[in-house]
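The values are calculated or read from the model by the stated rules, or taken from the named source; none is laboratory data. Just so it is clear, the model here is predicted, and its values are computed rather than measured. A quick note on method: Cβ atoms are made from the backbone with ideal geometry, for glycine too, and the neighbour counts reach across all protein chains shown. With ligands, DNA and RNA removed, areas are computed over all heavy atoms of the protein, side chains included. Shrake-Rupley method; radii C 1.70, N 1.55, O 1.52, S 1.80 Å.
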Protein chains: 2
Amino acid sequence: MTQTDTKTRLLDAAESLFSQQGFANTSLRAITTAAKANLAAVNYHFGSKEALLRAVLERRLLPLNQQRSNRIDQVLTEAVMSEAIPGTEALVRAFVEPTFAFRRNSIGSSEFISIVGRAMTSADPAVRDLFLALIHPLINKLHLALCLALPHLPSKLIFTRLFFTMGAMGHCICLSGFSQMFKDNSDSNPEDDDFMTNNLINFVTAGLEAPC
Amino acid sequence: MTQTDTKTRLLDAAESLFSQQGFANTSLRAITTAAKANLAAVNYHFGSKEALLRAVLERRLLPLNQQRSNRIDQVLTEAVMSEAIPGTEALVRAFVEPTFAFRRNSIGSSEFISIVGRAMTSADPAVRDLFLALIHPLINKLHLALCLALPHLPSKLIFTRLFFTMGAMGHCICLSGFSQMFKDNSDSNPEDDDFMTNNLINFVTAGLEAPC
DNA sequence: AACCATTTAAAACGATCGTTTTAAATCTGT
DNA sequence: ACAGATTTAAAACGATCGTTTTAAATGGTT
């Protein structure tokens, strides 16, 4: 390989363009041009445009989900060791913090995360179903862990609140035009990022623990 | 006019198809076929596909926003009359309840609301900017009202929490595939709807009122 | 009756799309 | 050096897209 893998360059370009314009609005020609690759390269390496999207999602989401899953296990283990029930905020942190830390890792990660934030509620089944299949086991694990943390609340209610949590986080993650409504200065610094993360954790923890 | 306005039938068909497939994935041919109108009818009545989207959004969002705005004013007036600060939950209800009530009005309304839920975070600027321009004044009013309700919290924090609130509500509103992860039975009844609405209000009220 | 807005029909415009094909060139590992 | 995988180039495939045009038909109003 000369510089970087063509396959990697295609993934990077697709990731960036999907996050900026969405899946349906991004053509293979735009992707291959940005990746300085041949038009046929996508179908050669991945088979189809949809398979490229799957590869883009899996490349980063599988490790991230593994990380989040490990941290949930860690909270549960610590709870067992100390013979206590797991804390709601600790579980929320286990889920949220890796996501935002991951986002700061690189520019590519940041762009990727905004794809994920939108995929959840995408009107396009090709996008939505792909994401839901990747996140489904993790959500189930988090749901069960939250049931342990909030034993006085019914399972169904906890799932509904988890549903709201995902909405708040997904919205936060893809930084819609909403945030520009408040602040004129559009450049975001790490401080704002920490501010967002901590406030999100406070917000959803309070919502999850609210009296029934 | 024979039965219903062609213009109205086009709006109804576009509303339904946009909510099911998204804006980019819906062709004018699909819309005009569903509306039993001529292909040229869209460009005759509205000028372009994007202008049709604007008309679809404005038809229902302008009255809905007026309704939400009136209810916020009502809460603020009552607070002044009783020489108290407005309640957070009352303001949340003023914003959320008309939305869900509106959704139950008709099948068309339900489909429309899911367009709105997605528009907020859409990758397509044509969709997102259109929605943000329509909602901007209402969000500012709600933000100011919440600052009165939560005088001990800084304005910036309240806006961030309002941001999360919009995310939770938007996610809830377009009922993504998420809800199908929990329940096998997919038909939703009014009870589930009330359950969702009340839990959403509890959730975001607790989040907004959380200690700093 | 005449007028004007509305609607239909059908066809075509140029453009873009995902995908496939063909062929030659380049690189990689043994 | 040879074989096989990778990459490039260029062109074409059929399909769909938003939009425009032309013409004829229909409708209601004055």
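Descriptive notes on the structure:
Conditions tested, residue by residue: (1) part of a loop (DSSP other than H, G, I, E, B); (2) among the basic types (Lys, Arg).
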{"position": "B:LEU17", "(1), (2)": "no, no"}
{"position": "B:THR26", "(1), (2)": "yes, no"}
{"position": "B:LYS36", "(1), (2)": "yes, yes"}
{"position": "B:ASN43", "(1), (2)": "no, no"}
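- Elements of the type helices (runs of 4 or more DSSP H) sitting completely within the range B:85-174 and holding at least 1 residues that are under 13 Å from the mean Cα position of the chain (by Cα), within 7 Å of another protein chain (Cβ to nearest Cβ) and surrounded by fewer than 20 Cβ atoms within 10 Å (Cβ to Cβ): these cover B:125-149.
- Odd one out for A:GLN67, checked against (1) in contact with a helix residue (DSSP H, G or I) (Cβ under 7 Å, 6 or more places away or on another chain); (2) within 16 Å of DNA strand D (Cβ to nearest atom); (3) among the polar types (S, T, N, Q); (4) open to solvent by 40 Å² or more (accessible area, probe 1.4 Å): (2)
- Inter-residue pairs, beta-carbon under 6 Å, first free of Cβ contacts under 8 Å to residues at least 12 places away in the same chain and in the range A:194-205, second buried (at least 19 other Cβ atoms within 10 Å of the Cβ) and not acidic (Asp, Glu), 6+ apart: A:ASN199/B:THR160; A:ASN202/B:ALA210
- Figure legend. Inter-residue proximity from the range A:37-63: first residues more than 13 Å from DNA strand D (Cβ to nearest atom), second residues of a type in the set (Ser, Thr, Tyr), beta-carbon distance below 8 Å, spacing 6+ or different chains. Indicated pairs: A:ARG60/A:SER109.
- Breaking point among (1) on the phi > 0 side of the Ramachandran plot; (2) under 20 Å from the mean Cα position of the chain (by Cα), for A:GLY47: (2)
- For B:GLU78, the test of being under 22 Å from the mean Cα position of the chain (by Cα) and surrounded by fewer than 18 Cβ atoms within 10 Å (Cβ to Cβ) is failed.
- Residue within the range A:43-51 that is more than 14 Å from DNA strand C (Cβ to nearest atom), in contact with a helix residue (DSSP H, G or I) (Cβ under 7 Å, 6 or more places away or on another chain) and within 14 Å of another protein chain (Cβ to nearest Cβ) present: no
- The C-beta contact set for the range A:107-122 (first residue touching a residue at least 24 places away in the same chain (Cβ under 8 Å), second residue among the polar types (S, T, N, Q) and in a helix (DSSP H, G or I), distance under 6 angstrom, 6+ apart or interchain) comprises A:GLU111/A:SER16; A:GLU111/A:SER19; A:SER114/A:SER19; A:ILE115/A:SER19.
- Filtered residues of the range A:44-85 (kept if at pLDDT below 95, farther than 18 Å from A:VAL127 by Cα and in contact with a Leu (Cβ under 9 Å, 6 or more places away or on another chain)): A:HIS45
- Selection within the range A:7-29: residues that are within 11 Å of DNA strand C (Cβ to nearest atom) and more than 14 Å from every other protein chain (Cβ to nearest Cβ). The member of this set that is most open to solvent (accessible area, probe 1.4 Å) is A:ARG29.
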